[in-house]
Amino acid sequence: MPHPFKEIRVDAQPRLSVNRLAELTDLTRWAIIRTEQGLYSAPLDSILVVLGEASGKTSQELIASYTRWQKWKRRQSSADVLRALHYFAAKDWNVIGPPFVKFCAVAFPDESQIGRAKKLCVHPYTLRRYETEIQEAMPEQIVVALGDAGLSVEEIKKLEALGSIYYNDR
């Protein structure tokens with residue numbers, strides 16, 4: 001399923017390239033690409049304005065389509081996330097090292113940090129800050145991503161609590 005913003009961009013008359021959309025929004029090319037990968041919590045206002053003009057859709061409609069796509073994309077990772085959950089449960093939630101780093105390594109063993117970010121639709125900066133212990137509390141964007149990928153609130157809280165224990169014991 002292609003990202004709805006990319007569909008609007010490609011179907012626009014005249015067609016909007018990534019570079020052209022970046023120029024019109026006064027953003028970088030990477031900001032456009034990251035948006036179309038679903039890595040921001042919400043789309044940037046300048047993108048909503050330009051794509052709204054190109055499509056005739058309201059900002060609310062565009063945000064709703066962005067959020068629906070993120071949820072769909074995260075659900076594609078549910079088997080991976082649930083595999084990691086079962087791994088943790090089999091070890092009675094007793095793991096060595098930073099729990100979320102281990103969780104991601106089990107869920108996405110062949111992915112780089114940016115690959116994990118794309119699978120979860122989480123900004124790489126948010127993921128890096130949490131994985132490298134710069135931010136000890138689980139960021140809301142990761143909580144939402146894990147919920148969309150199939151973890152229950154209780155399972156997310158348990159994973160977050162493991163992180164708190166790990167960081168406080170250091």
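The values are calculated or read from the model by the stated rules, or taken from the named source; none is laboratory data. Keep in mind it's a predicted model, so treat the numbers as computed, not measured. As a convention, Cβ positions derive from the backbone with ideal geometry for all residues, glycine included, and neighbour counts pool all protein chains shown.
Cβ-Cβ below 8 Å, separation at least six or inter-chain, first residue in the range 106-129 and touching a residue at least 24 places away in the same chain (Cβ under 8 Å) and outside any helix (DSSP H, G or I), second aliphatic (A, V, I, L, M) and crowded, with 19+ Cβ neighbours inside 10 Å: which pairs?
CYS121/LEU39; CYS121/ALA145; VAL122/LEU39; VAL122/ILE142; VAL122/ALA145; HIS123/LEU39; HIS123/ALA117
In the range 67-88, which residues are closer than 18 Å to CYS104 by Cα, among the aromatic types (Phe, Trp, Tyr) and touching a residue at least 40 places away in the same chain (Cβ under 8 Å)?
PHE88
Could you grab me the full set of residues in the range 23-35 that are acidic (Asp, Glu) and either part of a loop (DSSP other than H, G, I, E, B) or within 22 Å of LEU120 (Cβ to Cβ) (or both)?
Answer for the range 23-35, where residues must be acidic (Asp, Glu) and either part of a loop (DSSP other than H, G, I, E, B) or within 22 Å of LEU120 (Cβ to Cβ) (or both): just ASP26.
If only one of GLU53, GLU61, GLU36 is over 27 Å from GLU154 (Cα atoms) and in contact with a His (Cβ under 6 Å, 6 or more places away or on another chain), which one is it?
GLU36
Hey, LYS73 hits all of (1) of a type outside the set (A, V, I, L, M); (2) surrounded by fewer than 18 Cβ atoms within 10 Å (Cβ to Cβ); (3) not in a loop (DSSP other than H, G, I, E, B) but one; which does it fall short on?
(2)
Among the residues that make up the range 99-122, is at least one of them more than 21 Å from ALA79 (Cβ to Cβ), in contact with a Ser or Thr (Cβ under 9 Å, 6 or more places away or on another chain) and buried (at least 18 other Cβ atoms within 10 Å of the Cβ)?
no
For residues that are modelled with pLDDT under 85 and out of contact with any Lys or Arg (no Cβ under 6 Å at 6 or more places or on another chain), tally how many sit in the range 118-158.
Residues in the range 118-158 being modelled with pLDDT under 85 and out of contact with any Lys or Arg (no Cβ under 6 Å at 6 or more places or on another chain): 6 in total.
If you scan the range 36-66, which residues turn out to be in contact (Cβ under 8 Å) with a residue 24 or more places away in the chain, buried (at least 17 other Cβ atoms within 10 Å of the Cβ) and part of a helix (DSSP H, G or I)?
GLU36, ILE47, VAL50, LEU51, ALA54, SER55, LEU62, SER65, TYR66
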